[in-house]
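Heads up: the structure comes next, in structure tokens.
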Amino acid sequence: MLDKLFFRKKSQEHKIDLDDNIPSHVAIIMDGNGRWAKKRALPRIAGHHEGMKTVRKIVKESNFIGIKVLTLYAFSTENWKRPREEVDFLMKLPGEFLSTFLPDLIKENVQVRIMGKKELLPLHTIKAVDQAIEQTKNNSGMILNFALNYGSRDEMTSAVKSIAAEIKNGTLDPSQIKESTIEEHLMTHGLKDPDLLIRTSGEVRLSNFMLWQLAYSEFWFTDVYWPDFSENHLREAVSQFAQRGRRYGGV
Ligand code: IPE
Ligand code: IPE
Ligand code: MG
């Protein structure tokens, strides 16, 4: 019986027991593409392009391990501050990623979703992601949730606005507001909170990512730049997660 999954390279093996506590929802802040490129005297966009290949690898591995939801921070509401050429390149990546890998994702039963202010994305980006969402909407396997033009404060601001509108039109009474009311108005509604947050590149901050949803998540940081992040790193994070004791304020 296959009771252990082994990483391919024996020298740096991280084994995961199938009955281990596999995190159901993993969220990743994919950081360090620019520094990866700089280290090699390449333009930043070369790092983003390489990072796209890591996305493919990690999606496949996550699905294999049995992760149910993988949320990937691809572009923040703050990333518009970057040079025009870099933003343009980043906006082309979802299209390139999906035109290359959508058939594989369909085969692997992956369901693609997006969270973020979609309407502010360029039309070609919206078209690419809409096509992927449509073609994978009936897939019942892992949910691949791209945070694209996502910011947690923007998400909460929108939630407050729509809750306020419901109060104004009389469909909601302020006394009825519960934590679940807020959750229902977030872009993650219907998804459980991430169990594990991974951030690459050595930065130890959230950068406006899922502030509400990460309240009780386990965090795992690595100095590795995203383009160098491997299946084995994911396994390392997942196996360390399995050993942690989550108490949620209890004893
Ligand atoms: C992460 O890599 C990708 C995005 C934020 C889009 P960065 O581009 O932030 O890489 P560094 O942090 O500059 O190395
Ligand atoms: C966070 O990375 C956003 C994404 C990975 C998409 P940043 O590189 O933008 O974060 P800061 O600027 O270092 O906080
Ligand atoms: Mg960065």
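The values are calculated or read from the model by the stated rules, or taken from the named source; none is laboratory data. Worth saying up front: this structure is predicted, and the values here are computed from it rather than measured. Note that we place each Cβ from the backbone using ideal geometry, even for glycine, and neighbour counts take in every protein chain shown. Remember, those area values only see protein heavy atoms, side chains included, never the ligands or the DNA or RNA. Shrake-Rupley method; radii C 1.70, N 1.55, O 1.52, S 1.80 Å.
Is it the case that the range 204-224 has a residue that's of a type in the set (Lys, Arg) and under 27 Å from Glu61 (Cβ atoms)?
yes
Using the structure shown, decide if Leu72 is closer than 29 Å to Ala159 by Cα, within 15 Å of ligand 2 (Cβ to nearest atom) and not in a strand (DSSP E or B).
Answer is no for this residue.
For the range 210-219, give me each residue that is within 15 Å of ligand 2 (Cβ to nearest atom) and open to solvent by 20 Å² or more (accessible area, probe 1.4 Å).
The answer is Leu211, Phe219.
Hey, could you check the range 182-209 for residues that are open to solvent by less than 10 Å² (accessible area, probe 1.4 Å), among the hydrophobic types (A, V, I, L, M, F, W, C) and touching a strand residue (DSSP E or B) at 6+ places or on another chain (Cβ under 6 Å) and say which is farthest from Gly47 (Cα to Cα)?
So the residue we want is Leu196.
In the set Ser76, Ser62, Ser99, which member is touching a residue at least 12 places away in the same chain (Cβ under 8 Å), within 8 Å of ligand 1 (Cβ to nearest atom) and hydroxyl-bearing (Ser, Thr, Tyr)?
Going through Ser76, Ser62, Ser99 in turn, the sole match is Ser76.
All but one of (1) within 11 Å of ligand 1 (Cβ to nearest atom); (2) without any contact (Cβ under 8 Å) to a residue 60 or more places away in the chain hold for Glu108; which doesn't?
(1)
Can you find, within the range 100-119, the residue that is farthest from ligand 3 (Cβ to nearest atom) among those that are open to solvent by 40 Å² or more (accessible area, probe 1.4 Å) and in contact with a helix residue (DSSP H, G or I) (Cβ under 7 Å, 6 or more places away or on another chain)?
Only one residue tops the list, namely Ile106.
So, Thr125, is that one assigned to a strand (DSSP E or B) and among the hydroxyl-bearing types (Ser, Thr, Tyr) or not? Can you show your working first?
Numbers: assigned to a strand (DSSP E or B): no; among the hydroxyl-bearing types (Ser, Thr, Tyr): yes.
No.
Looking at the range 21-45 only, could you name the residues that are open to solvent by less than 30 Å² (accessible area, probe 1.4 Å) and more than 15 Å from ligand 3 (Cβ to nearest atom)?
Answer for the range 21-45, where residues must be open to solvent by less than 30 Å² (accessible area, probe 1.4 Å) and more than 15 Å from ligand 3 (Cβ to nearest atom): Pro23, His25, Val26, Ala27.
Results for (1) away from ligand 1 (no atom under 16 Å from the Cβ); (2) part of a loop (DSSP other than H, G, I, E, B), shown as yes or no for each residue.
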| position | (1), (2) |
| --- | --- |
| Gly170 | yes, yes |
| Ser180 | yes, no |
| Met187 | yes, yes |
| Gly190 | yes, yes |
| Ser207 | no, yes |
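What are the residue pairs meeting all of these: first residue in the range 27-49, first residue of a type in the set (Lys, Arg), second residue more than 10 Å from ligand 2 (Cβ to nearest atom), Cβ atoms under 7 Å, and 6 or more apart or on different chains?
Arg35/Tyr225; Arg44/Ala37; Arg44/Glu86
Among the residues of the range 220-231, how many are open to solvent by 10 Å² or more (accessible area, probe 1.4 Å), within 15 Å of ligand 2 (Cβ to nearest atom) and assigned to a loop (DSSP other than H, G, I, E, B)?
Counting residues in the range 220-231 that are open to solvent by 10 Å² or more (accessible area, probe 1.4 Å), within 15 Å of ligand 2 (Cβ to nearest atom) and assigned to a loop (DSSP other than H, G, I, E, B) gives 4.
Pick out the one residue from Lys60, Lys92 that is in a helix (DSSP H, G or I), surrounded by fewer than 18 Cβ atoms within 10 Å (Cβ to Cβ) and either within 16 Å of ligand 3 (Cβ to nearest atom) or within 17 Å of the chain's Cα centre (by Cα) (or both). Spell out the reasoning first.
Details: Lys92 fails: either within 16 Å of ligand 3 (Cβ to nearest atom) or within 17 Å of the chain's Cα centre (by Cα) (or both).
One residue alone meets the criteria, Lys60.
How many residues, within the range 158-204, are within 15 Å of the chain's Cα centre (by Cα) and of a type in the set (Lys, Arg)?
Total satisfying the criteria: 2.
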